[in-house]
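K.L.:
Just passing along the structure, written as structure tokens.
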Amino acid sequence: MPTVIKQEDFIASVADAFQYISYYHPVDYIKALHQAYQKEQSPAAKDAMAQILINSRMAAEGHRPICQDTGICIAFIRVGMDARFEGPAVGPRLTPEQMVNEGVRRAYTDVNNPLRGSMLIDPDGKRKNTTDNTPGVTHIEIVPGDKVEVIVAAKGGGSENKSKFAMLLPNDNIVDWVLSVVPTMGADWCPPGMLSLGIGGSPEKAMLMAKWAMMEPLNIHELRARGPASRAEELRLEIYEKVNALGIGAQGLGGLSTVLDVKVTDYPTHAASKPVALLPNCAAMRHAHFVLDGSGPAVLEPPALTDWPALTQDLSTCKRVNIDGISKAQLGELRSGDRVLLSGKILTGRDAAHRRLVEMMNRGEKLPVDFTGRIIYYVGPVNPVRDEVVGPAGPTTASRMDKFTADMLERTGLIGMIGKSERGTATVENIKKNGATYFIAVGGAAYLVSKAIKASRLVAFEDLGMEAIYEFEVKDMPVTVAVDSTGTAVHRTGPQEWRTKIGKVPVVIV
């Protein structure tokens with residue numbers, strides 16, 4: 001007799017799993033990050049990791065998203081050949097892909113913990129938001145057995161955008177290629193996280209292998225203890241050591257830990273080829289695994305709060321800055337690397353808003369917001385629930401706004417920006433030229449950051465949804481000066497400093 005998996009059990013399990021991973025980190029990630037935190041010697045990186053760990057526990061306790069980018073939904077489904085799906089007595093019978101999408105819709109529109117919808121239809125045209133984060137991306141495999149195994153993951157755009165692929169020649173060195181591309185990824189993918197490589201097969205097989213391996217436990221320390229037993233394991237160790245020796249560090253600020261683990265999966269390939277995919281997984285490492293055996297929906301056990309370290313953020317070295325009415329010259333007294341607690345009113349805006357603002361300026365139209373002497377935060381928050389002012393509201397990748405920054409600084413009176421990760425060379429020069437200041441907030445600390453937002457009001461472009469322009473009133477919002485008014489950029493100086501230190505001082509990895 002085949003195992004019967006009821007359609008509703010499958011859908012409910014998928015919905016529960018996506019809710020679960022929105023606020024629970026895998027315990028192996030918590031432990032690996034805490035180990036990295038304990039050995040970290042870079043104050044800036046150590047502070048960033050502390051914020052990520054504190055945020056993780058807050059999200060677990062509050063059942064609110066770890067990150068405001070609640071991701072593109074991915075499902076890997078292994079269907080046993082002796083299992084079958086049973087539809088409802090009344091209503092449509094759905095395919096596995098349709099069932100995944102229904103689970104996604106339920107999860108992302110849950111009134112108790114609504115998740116941000118980031119999926120757009122017509123991706124090269126109108127780019128209209130589907131509002132419920134459907135469709136997901138589903139991969140189905142038929143395997144021996146009578147059960148259905150499901151792995152779900154939510155991947156943020158910052159890390160997905162840094163996916164790399166190359167068709168190397170048979171004699172090309174994979175480690176050399178990895179070390180050439182990782183520095184180009186900067187901090188957009190929110191390290192420390194994981195790198196996963198797929199080697200061989202065909203181009204699409206390599207990418208799929210790398211994505212699948214991201215769901216495996218973080219266990220590089222076990223491999224270091226027992227030693228490698230295959231070429232793939234040799235590569236894991238070599239890449240782990242050499243990528244960390246780059247000194248990129250948490251959030252790209254410079255430090256000892258850039259990756260917490262490296263995965264390598266290989267497959268036979270053509271004699272003339274060596275396809276290689278490199279995918280990063282960010283600090284919001286979200287995935288869950290469950291098995292359906294016909295006995296009902298899956299039950300995912302929550303981690304114990306004792307799995308999180310008891311940490312508090314050290315604010316003793318922070319500078320408190322009231323930005324209401326602050327002049328460009330006053331803001332310009334801050335220096336790259338300064339830790340700052342901002343208080344006052346800031347504006348928000350990201351890709352769609354920036355594009356619309358520049359188009360309006362080019363047409364000679366009056367802007368709906370006066371940016372003179374203001375600071376803008378690149379953010380697309382989660383909708384609030386209950387007594388929240390906003391939902392989790394961490395920074396988005398600042399470099400996506402680079403193409404608009406010169407216009408914003410030179411034509412609107414804007415004096416400061418807040419985002420995550422580094423800016424391009426031309427943008428750093430524009431910041432210097434205009435005497436502006438660029439701050440970063442920690443990617444992966446969205447719920448923690450949101451607690452600094454005390455009031456919010458819509459000021460323009462309501463039709464853009466989470467990309468609309470808001471005015472936030474903040475109190476002690478934790479940020480770091482990433483590019484100061486002299487053009488000094490911490491994402492350049494930090495990794496350079498720590499790459500030199502790591503090269504001179506033996507580093508003991510625990």
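K.L.:
Give the residues of segment 310-327 that are outside any strand (DSSP E or B) and either in contact with a Leu (Cβ under 6 Å, 6 or more places away or on another chain) or surrounded by 17 or more Cβ atoms within 10 Å (Cβ to Cβ) (or both), sorted by residue number.
P.N.:
First, pick out the residues of segment 310-327 that are outside any strand (DSSP E or B): 310-318, 323-327.
Of everything in segment 310-327, those that are outside any strand (DSSP E or B) and either in contact with a Leu (Cβ under 6 Å, 6 or more places away or on another chain) or surrounded by 17 or more Cβ atoms within 10 Å (Cβ to Cβ) (or both) turn out to be L311, C318, I323, I326.
K.L.:
From the list V276, V243, which one is β-branched (V, I, T), assigned to a helix (DSSP H, G or I) and touching a helix residue (DSSP H, G or I) at 6+ places or on another chain (Cβ under 9 Å)? Reasoning before the result, please.
P.N.:
Working: V276 fails: assigned to a helix (DSSP H, G or I).
Matching residue, one of V276, V243: V243.
K.L.:
Also: What number of residues within segment 385-399 are on the phi > 0 side of the Ramachandran plot and among the β-branched types (V, I, T)?
P.N.:
Taking segment 385-399 and keeping what is on the phi > 0 side of the Ramachandran plot, we get 386.
Remaining after also requiring among the β-branched types (V, I, T): none.
The number of residues fulfilling the criteria is 0.
K.L.:
Shifting gears a bit: Specify the residue that is farthest from I248 (Cα to Cα); the eligible residues are those in segment 413-429 that are aliphatic (A, V, I, L, M) and part of a helix (DSSP H, G or I).
P.N.:
In this case the residue turns out to be A426.
K.L.:
If you don't mind, another one. Which of the following residues is without any contact (Cβ under 8 Å) to a residue 40 or more places away in the chain and open to solvent by 10 Å² or more (accessible area, probe 1.4 Å): A271, A304, A298?
P.N.:
Numbers: A271 fails: without any contact (Cβ under 8 Å) to a residue 40 or more places away in the chain; A298 fails: without any contact (Cβ under 8 Å) to a residue 40 or more places away in the chain.
Just one listed residue meets the conditions, A304.
K.L.:
Quick check on this structure: which one of P368, P392, P384 is part of a loop (DSSP other than H, G, I, E, B) and open to solvent by less than 30 Å² (accessible area, probe 1.4 Å)? Break it down stepwise before answering.
P.N.:
Values: P368 fails: open to solvent by less than 30 Å² (accessible area, probe 1.4 Å); P384 fails: open to solvent by less than 30 Å² (accessible area, probe 1.4 Å).
Answer to the check: P392.
K.L.:
From L208, L237, L179, L223, grab the single residue that is among the hydrophobic types (A, V, I, L, M, F, W, C), in a helix (DSSP H, G or I), over 19 Å from the mean Cα position of the chain (by Cα) and farther than 28 Å from R499 by Cα. Outline the logic, then answer.
P.N.:
On the way: L237 fails: farther than 28 Å from R499 by Cα; L179 fails: farther than 28 Å from R499 by Cα; L223 fails: farther than 28 Å from R499 by Cα.
Result: L208 is the single residue among L208, L237, L179, L223 that is among the hydrophobic types (A, V, I, L, M, F, W, C), in a helix (DSSP H, G or I), over 19 Å from the mean Cα position of the chain (by Cα) and farther than 28 Å from R499 by Cα.
K.L.:
Which one of the conditions (1) out of contact with any Cys (no Cβ under 9 Å at 6 or more places or on another chain); (2) touching a residue at least 12 places away in the same chain (Cβ under 8 Å) does A229 fail to meet, given that it meets all the rest?
P.N.:
Among (1) out of contact with any Cys (no Cβ under 9 Å at 6 or more places or on another chain); (2) touching a residue at least 12 places away in the same chain (Cβ under 8 Å), the lone unmet condition for A229 is (2).
K.L.:
Is it the case, given these coordinates, that A352 is of a type in the set (A, V, I, L, M, F, W, C), within 23 Å of G419 (Cα to Cα), open to solvent by less than 10 Å² (accessible area, probe 1.4 Å) and touching a helix residue (DSSP H, G or I) at 6+ places or on another chain (Cβ under 6 Å)?
P.N.:
Details: of a type in the set (A, V, I, L, M, F, W, C): yes; within 23 Å of G419 (Cα to Cα): yes; open to solvent by less than 10 Å² (accessible area, probe 1.4 Å): no; touching a helix residue (DSSP H, G or I) at 6+ places or on another chain (Cβ under 6 Å): yes.
When the stated conditions are applied, A352 does not pass them.
K.L.:
So, in segment 182-201, exactly how many residues are part of a helix (DSSP H, G or I) and open to solvent by less than 10 Å² (accessible area, probe 1.4 Å)?
P.N.:
Matching residues across segment 182-201 total 2.
K.L.:
Of all residues in segment 430-481 being among the hydrophobic types (A, V, I, L, M, F, W, C), more than 17 Å from V382 (Cβ to Cβ) and part of a loop (DSSP other than H, G, I, E, B), which is most open to solvent (accessible area, probe 1.4 Å)?
P.N.:
Restricting to residues being among the hydrophobic types (A, V, I, L, M, F, W, C), more than 17 Å from V382 (Cβ to Cβ) and part of a loop (DSSP other than H, G, I, E, B), the top hit is F461.
K.L.:
A follow-up question, please. Here is a check on your reading of the model: is A36 surrounded by 21 or more Cβ atoms within 10 Å (Cβ to Cβ), at pLDDT 95 or above and under 15 Å from V150 (Cα atoms)? Don't jump to the end; show me each part of the working.
P.N.:
Details: surrounded by 21 or more Cβ atoms within 10 Å (Cβ to Cβ): yes; at pLDDT 95 or above: yes; under 15 Å from V150 (Cα atoms): no.
Answer is no for this residue.
K.L.:
If you don't mind, another one. Out of the residues in segment 142-164 that are of a type in the set (D, E, K, R), under 13 Å from the mean Cα position of the chain (by Cα) and outside any strand (DSSP E or B), state the one that is surrounded by the most Cβ atoms within 10 Å (Cβ to Cβ). Give the derivation first.
P.N.:
As a first pass, look at segment 142-164 and keep what is of a type in the set (D, E, K, R): 146-147, 149, 155, 160, 162, 164.
If we keep only those that are under 13 Å from the mean Cα position of the chain (by Cα) as well, we get 155, 160, 162.
From what is left, the residues that are outside any strand (DSSP E or B) are 160, 162.
Working: E160: 18, K162: 21.
That would be K162.
The values are calculated or read from the model by the stated rules, or taken from the named source; none is laboratory data. These numbers come from a predicted model, not from an experiment. Because the Cβ atoms are built from the backbone with ideal geometry, glycine has one as well, and the counts that use them run over all protein chains shown. Ligands, DNA and RNA are excluded from the accessible area calculation, which covers all protein heavy atoms including side chains. Shrake-Rupley method; radii C 1.70, N 1.55, O 1.52, S 1.80 Å.
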